[in-house]
Amino acid sequence: MIARNLPMVIYVHEMEKSLKYNYWLEIFMSPNPGMEVERRYPHLATRPLVESHAESAACLTKACRWLKECIENHIDCNIHEQHPDMPKRVLYIQACPNPQEPYILRLISTDGGKDPYVALSHCWGLEQPLTTNTASLDSRMNEIVWSQLPKTFQDAIKVTATLGYTYIWVDSLCIIQDSQIDWEEQSAQMATIYEKAVVTLAAASATGDTEGFLAQRPERISGSALLQSCNPGTSPLSVYFRERLEHYEERFEHYESLDPLETRAWAFQERVLATRALIFSRNELRWECNTTQQCECGGTDTGRKKARGASYPYSRSLLSSSTPRCDLYRHWYLDTVRQYSRMSLTQASDILPALSGIAHVFSKLTGAGYFAGIWQPEFLHGLLWKPPRWTEPSIQPAYRAPSFSWASTDEEVSYPYDLLSENKIWTD
């Protein structure tokens, strides 16, 4: 397939003994080849190269550039006050000349401060990450030793400092884990915390906090070759080829993430609520905000177009006071519930709490009553959820939601498209 502004794509089928390999190769030029080269090869697109390591200088420079561009030019991403209220507690980062302890950290109470802060979205993993509890609170506010931090936290602090910020919010350290009162208070603020963070770092590639996300990327088929023109006297052109990276919009209807974090329910909410997100994926760095979606390989670079539309798993484009309420309800049932029900939870009882931040945003926009994942207007139609292929739903033995709610089952659920798409259900 050859098209202007798109790489040449070749489908490759290989067989080695009894194993089959199928993949797509894309062929492209490096950025800024010059006007003469672009004129000579109009159907060969340019694409940036993907770094082999997430901590490379080029990769982090690109992260800084995306963030700077968003802050300075994206109107829809700067709707909050310039210095919003900070969370109740954050980690304070101070650089240190000691390479073994590059940063001095401590937990601080913000007391209504209004400095910009970064938030972290991460998988805790099987091993309990470093946490704050009632007994360790005073110690955390005195100092947190760098070597005690799991790798994901260390990586997040490095990126935060590289972006030029000194405060980061990490749930396991900033919420007192053995205090039910503090947990309920802070979880109720989750929507505000992620929405007002200057950027959310998504440690998407790590299955747990001990792994980190600034790591070597998996090896993929890639290389370069010289392309010689038939015209005499012209210099050969360096062209590149690589195994094409998959992106969400290419397969959303049967969405299956390549990254561990994007299978977790709490992380789903954090991404939807975030105004800006830097996603450290297995294969590349990605960027999402209310205005655009970009990636390191250039495959989802939408420039200044609205990229987080309703079909995208982490869409915020409809979460606006200008959106008709009927469209908001459709988005809840057809997009949010369907995608969320595919996610995993460590504690099954968190099925509704892990969605409460998004529900709070919907509630503010609609003013509607909400009960167990279903909105009060046309409540009966909210009962029309179904498991895959009309199989018998598996209801959890331990109570977590009424049996009439989609939240009572662990299975992926969906709502009938035909009823919703014909505008027969919800009206303003």
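The values are calculated or read from the model by the stated rules, or taken from the named source; none is laboratory data. No experiment lies behind these values; they were computed from the predicted model shown. A quick note on method: Cβ atoms are made from the backbone with ideal geometry, for glycine too, and the neighbour counts reach across all protein chains shown. Just so you know, the surface numbers come from the protein's heavy atoms only, side chains and all, with ligands and any DNA or RNA stripped out. Shrake-Rupley method; radii C 1.70, N 1.55, O 1.52, S 1.80 Å.
Between residues in the stretch 101-127 that are in the same structural domain as Gln189 (by the TED database) and more than 18 Å from Met141 (Cα to Cα) and residues that are open to solvent by less than 50 Å² (accessible area, probe 1.4 Å) and among the polar types (S, T, N, Q), which pairs lie under 7 Å by C-beta distance while being six or more apart or on different chains?
Matching pairs, first to second residue: Val118/Thr160; Ala119/Thr200; Ser121/Thr200; His122/Thr152; Trp124/Ser172.
Here's a check for you: in the stretch 377-402, which residue that is exposed (fewer than 12 other Cβ atoms within 10 Å of the Cβ) and part of a loop (DSSP other than H, G, I, E, B) is modelled with the lowest pLDDT?
By that ranking, first place goes to Thr391.
Select from the stretch 192-203 the residues that are surrounded by fewer than 23 Cβ atoms within 10 Å (Cβ to Cβ) and part of a loop (DSSP other than H, G, I, E, B) and list them in ascending order.
Val198
Restricting the search to the stretch 281-324, which residues are of a type in the set (D, E, K, R), within 26 Å of Val361 (Cα to Cα) and modelled with pLDDT under 85? It would help to see each step written out before you state the result.
Going residue by residue through the stretch 281-324, those that are of a type in the set (D, E, K, R) are 282, 284, 286, 288, 296, 301, 304-306, 308, 316.
Now drop any that are not within 26 Å of Val361 (Cα to Cα), which leaves 286, 288, 304-306, 308, 316.
Those that are of a type in the set (D, E, K, R), within 26 Å of Val361 (Cα to Cα) and modelled with pLDDT under 85: Arg304, Lys305, Lys306, Arg308, Arg316.
Which is assigned by the TED database to the domain that holds Val118, surrounded by fewer than 16 Cβ atoms within 10 Å (Cβ to Cβ) and at pLDDT 85 or above, of Ala63, Ala54, Ala58?
Being assigned by the TED database to the domain that holds Val118, surrounded by fewer than 16 Cβ atoms within 10 Å (Cβ to Cβ) and at pLDDT 85 or above holds for just one of Ala63, Ala54, Ala58, which is Ala58.
For the stretch 110-158, give me the residue count where each residue is outside any loop (DSSP other than H, G, I, E, B), hydroxyl-bearing (Ser, Thr, Tyr) and surrounded by 14 or more Cβ atoms within 10 Å (Cβ to Cβ).
Qualifying residue count for the region: 3.
Tally the residues that are in a loop (DSSP other than H, G, I, E, B) and in contact with a Pro (Cβ under 9 Å, 6 or more places away or on another chain), restricting the search to the stretch 204-238.
So the answer is 11.
Tally time: how many residues in the stretch 192-221 are of a type outside the set (Gly, Ala, Ser) and under 15 Å from Arg286 (Cβ atoms)?
Of the residues in the stretch 192-221, 6 are of a type outside the set (Gly, Ala, Ser) and under 15 Å from Arg286 (Cβ atoms).
List, please: which pairs have Cβ atoms under 8 Å, are six or more places apart or on different chains, and start with a residue in the stretch 44-56 that is within 9 Å of Cys297 (Cα to Cα) and end with one that is open to solvent by 50 Å² or more (accessible area, probe 1.4 Å) and at pLDDT below 90?
Arg47/Pro31; Arg47/Tyr240; Pro48/Pro31; Leu49/Tyr240
Looking at (1) touching a Ser or Thr at 6+ places or on another chain (Cβ under 6 Å); (2) closer than 16 Å to Asp171 by Cα, which one does Ala206 not meet, given that it meets all the others?
(2)
Every residue in the stretch 37-51 that is under 19 Å from Cys230 (Cα atoms) and either at pLDDT 75 or above or part of a loop (DSSP other than H, G, I, E, B) (or both), please.
Tyr41, Pro42, His43, Leu44
State whether the residues of the stretch 266-275 include one that is over 12 Å from Ser121 (Cβ atoms) and modelled with pLDDT of 85 or more.
So the first thing to find is which residues in the stretch 266-275 are over 12 Å from Ser121 (Cβ atoms), and the list is 275.
Keeping just the survivors that are modelled with pLDDT of 85 or more gives 275.
Looking through the stretch 266-275, at least one residue is over 12 Å from Ser121 (Cβ atoms) and modelled with pLDDT of 85 or more.
For the stretch 159-173, which residues satisfy the criterion of being more than 21 Å from Thr207 (Cα to Cα) and in a helix (DSSP H, G or I)?
Ala161, Thr162, Leu163
What residue, among those in the stretch 75-94 that are open to solvent by less than 80 Å² (accessible area, probe 1.4 Å) and out of contact with any helix residue (DSSP H, G or I) (no Cβ under 8 Å at 6 or more places or on another chain), is modelled with the highest pLDDT?
Step by step, filter the stretch 75-94, then rank; the result is Tyr92.
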